[in-house]
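**Q** Handing you this structure, nothing more for now.
Where a number appears in this text, it was derived from the coordinates with a stated rule and is not lab data. Keep in mind it's a predicted model, so treat the numbers as computed, not measured.
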Amino acid sequence: MLAAAGLALGGKSPESVLAEFQRGGFFVTHVLECPVESRTGGDLAQLIANRIPTVLTRIRRSLKPKRLAPIAMSLKQALPAFNSGELPCAILLHQGMPFALDGDAAAASAKNLREALANQSASARQGLA
């Protein structure tokens with residue numbers, strides 16, 4: 001996530017890294033608030049499906065982002081809900097898919113996310129978004 005935000009640790013304290021991340025306008029939230037390993041019954045897809053309505057409500061009412069970028073391939077199934085029009089923000093995707101920061105090519109996905117954020121910001125500045 002830090003790479004996607006264009007931040008480096010560089011000997012900084014965790015508090016200063018978090019402050020810099022937040023000053024950049026970034027916020028990370030989880031769909032599932034508890035570790036999957038501690039859950040019993042159901043698979044990951046079902047757990048995510050059960051939480052999506054609550055997450056959409058939280059995003060709309062509390063977080064109110066200007067843009068949202070799913071960063072795990074396990075959120076692929078939630079894309080119809082994210083794109084349903086219930087969220088008053090831009091949904092950033094990579095070739096129609098979530099950014100796979102949880103996959104084998106996390107560094108490339110972070111680069112793709114950084115580029116998408118830069119492109120979306122540039123479009124907004126030009127009045128195109």
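**Q** Across segment 57-64, in residue order, what do the Karplus-derived ³J(HN,Hα) couplings come to in whole Hz, using 6.51 cos²θ - 1.76 cosθ + 1.60 with θ = phi - 60° and x for Gly and Pro?
**A** Ordered by residue, 3J(HN,Hα) equals 5, 4, 5, 5, 8, 9, 7, 6 Hz.
**Q** OK, next. Output the Kirkwood hydrodynamic radius of segment 30-125, Cα pairs only, in Å rounded to one decimal. Don't skip to the end; give the middle numbers.
**A** Values: mean 1/r = 0.0697 Å⁻¹.
14.3 Å is the Kirkwood radius here.
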